[in-house]
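Quick notes on the structure that follows.
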Amino acid sequence: MTEIFGISPQALLSQLLIGLVNGSFYAMLSLGLAVIFGLLNIINFAHGALYMMGAFGAWMGFTYLGLSYWLCLLLVPLAVGAFGIVIERTMLQWLYKLDHLYGLLLTFGLALIIEGLYRQAYGVSGQPYSTPELLRGATDIGFMMLPNYRAWVVVASVAVCALTWYVIERTKLGAYLRAATENPKLVQAFGVNVPFMVTLTYGFGVALAGFAGVLASPIIQINPLMGSNLIIIVFAVVVIGGMGSIMGAIVTGLALGVVEGLTRVFYPELSSTVVFIIMAIVLLVRPAGLFGREK
Amino acid sequence: MSAINKVFVALLVLGLAAPLFKNIVYPVFLMNVLCFALFASAFNLLLGFTGLLSFGHAAFFGFAAYVTGHACKEWGLTPELGILAGTAVAAVLGFVIGSLAIRRAGIYLAMITLAMAQLVFFVCLQAKFTGGEDGIQGIPRGRFLGLVDLTDNVSLYYFVFGVFVLGFAVIYRAIHSPFGQILKSIRENEPRAISLGYDAEKFKLVAFVLSAALSGMAGSTKSLVNQLASLADVHWHTSGEVVLMTLLGGMGTVFGPIVGALTVKGLEHYLAEQGSWVTIVTGAIFVVCVLAFRRGIVGELAAVFRKSTAK
């Protein structure tokens, strides 16, 4: 077998795939953050906790109710979204007129509460969740063995991201949404129910986090801390990409996952910090982020 | 004597007399409160008086603790020199992170500082001198100026109290100087401050470095008190904790962070046996503060006081 820089192509490709899988999660989460930020001007710190709720939702659905993976993939995001709507109606809606920082602080508090409650109930050791039968095993695609489930994660998340992009950029509903992002008062004056749209948007962004959680459940240890560790990386991804565009969030997420995977091959010591280093460099060169607009 | 001076004298007397009641309050607990009160006051300089929300102050607090721990344990430095070393390193770190973070404002600044602090966390996890998961244990308390033995809790208490008063005096002086006025003007209206000819970026950076250095001083002192520097001090939970102390006590008030630190640490002390309930209660206080109580304890009290004197 030939080697590239002393590394076998097998190892390189498998790390690349893991990177792509991680990138899929970054993309889905930063997309949710970007959509929420666009309309609500709130950075949702609870996003990681809601992602964790998604993963736990799948596990609970199976353990307590015997629901299949596929049913959970549909129901859990709806449940997490509904939970988000309750949060928006009862708490977030009072903050829109205040400094944006209060939204960050409130959702940080929510993240602590959710994380603490799950930790109280389930401890910090991981819960296992088995891969659905349909996606077990691996497929030989000539140059490598492709684990089916990981391939499915990438396909599913790219499809969901693409769908979100299409709805926001190419449909009438998306046009309302973009208009309300620019000027909510004017859109409301045209008879569009903006507060309702804001609520639904938060619910949708949060449901996306729940969906990512269910997708992640078979390939990670489901534990209450999984969300907060991820959310900080996703914040860095958001800073790197800039909050300006939907496409930017998706592309940056996937790309950084791949970069992280490659770092794990060539310089493992840096793999946990490379995203933050890239963020620092981007801030020096292009403070608004790769896809962001300077205000 | 003005009201604020009365509070000062009362606090000073209370602080000096505290070791007399060591049967009621545990001195090590008090020393920890003092360290966190200094930490929160330093943080308040940035959030309350300059309007910058940093979500990564644990990096300065925790890293300085490691530096002091290493300097005192491996190099045998005296405690005051150890703290000085920690403070200096925190200032440099503050300069590096600060100059990156102030390139963006508002929410972005919070996310950038959080991410940079996470970078520091991973460095501490992997570096040799920090002891990884174990941290630096058994840091000697040493002799102050080589003369006064600090292994005794009461003498260490007065040492810590001295550090706190020094740090607090620096912050108080900074807030009530022309420099502090410019910081407040930047908080209220940055474009106008710039139009008046002030280099807002430079002032923000100086405030950031000052805040980071004093946070480092607090962290260094804490490492001597507990004889331990660990990953918990650099973890983002600590960053969140200092935000909570400032918010709960009252941001932009002089005494708020002290009240906040005392309340939060007291709460943790009594809830320590209850597992995750500390986290849950902390989160709940955050939510309540943001929704109903944005001026904080001292802010609300001051408002009541002002109303009653106005009548």
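A few points about this structure:
- Criterion (surrounded by fewer than 24 Cβ atoms within 10 Å (Cβ to Cβ) and small (Gly, Ala, Ser)) met by exactly one of B:218, B:232: B:232
- When A:83, A:62, A:45 are screened for being surrounded by fewer than 21 Cβ atoms within 10 Å (Cβ to Cβ) and within 22 Å of residue A:102 (Cα to Cα), only A:83 passes.
- Filter pass, residue B:292 being farther than 30 Å from residue B:130 by Cα, away from every other protein chain (no Cβ under 14 Å) and surrounded by fewer than 19 Cβ atoms within 10 Å (Cβ to Cβ): no
- Taking segment B:53-112 as the range and being charged (D, E, K, R) and touching a residue at least 60 places away in the same chain (Cβ under 8 Å) as the test, the residues that pass are B:73, B:80.
- Residue within segment B:139-157 that is among the acidic types (Asp, Glu), under 28 Å from residue A:45 (Cα atoms) and at pLDDT below 95 present: no
Results for (1) of a type in the set (Lys, Arg); (2) modelled with pLDDT under 95, shown as yes or no for each residue.
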| position | (1), (2) |
| --- | --- |
| A:78 | no, no |
| A:86 | no, no |
| A:97 | yes, yes |
| A:114 | no, no |
| A:135 | no, yes |
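- The lone exception for residue B:73 - which of (1) touching a helix residue (DSSP H, G or I) at 6+ places or on another chain (Cβ under 6 Å); (2) more than 14 Å from chain A (Cβ to nearest Cβ); (3) surrounded by fewer than 24 Cβ atoms within 10 Å (Cβ to Cβ) it fails: (1)
- Applying the condition of being small (Gly, Ala, Ser) and within 10 Å of chain B (Cβ to nearest Cβ) to segment A:252-295 and asking which residue is surrounded by the most Cβ atoms within 10 Å (Cβ to Cβ) yields A:289.
- Residue A:249 being crowded, with 24+ Cβ neighbours inside 10 Å and within 14 Å of chain B (Cβ to nearest Cβ): yes
- Close pairs from segment B:171-187: first free of Cβ contacts under 8 Å to residues at least 24 places away in the same chain, partner of a type in the set (Phe, Trp, Tyr), Cβ under 7 Å, at least 6 apart: B:182/B:198; B:182/B:203
- Qualifying positions in segment A:110-141 - in a helix (DSSP H, G or I), of a type in the set (Phe, Trp, Tyr) and touching a helix residue (DSSP H, G or I) at 6+ places or on another chain (Cβ under 7 Å): A:118
- Leading residue by the ranking (nearest to the chain's Cα centre (by Cα)) among those in segment A:257-287 that are among the aromatic types (Phe, Trp, Tyr) and part of a helix (DSSP H, G or I): A:276
- Residue within segment A:75-90 that is within 8 Å of chain B (Cβ to nearest Cβ), under 18 Å from residue A:206 (Cα atoms) and more than 19 Å from the chain's Cα centre (by Cα) present: no
The values are calculated or read from the model by the stated rules, or taken from the named source; none is laboratory data. The structure presented is a predicted model; accordingly, all values stated were derived computationally and were not measured. Counting neighbours? That spans all protein chains shown, and the Cβs are built from the backbone with ideal geometry, glycine included.
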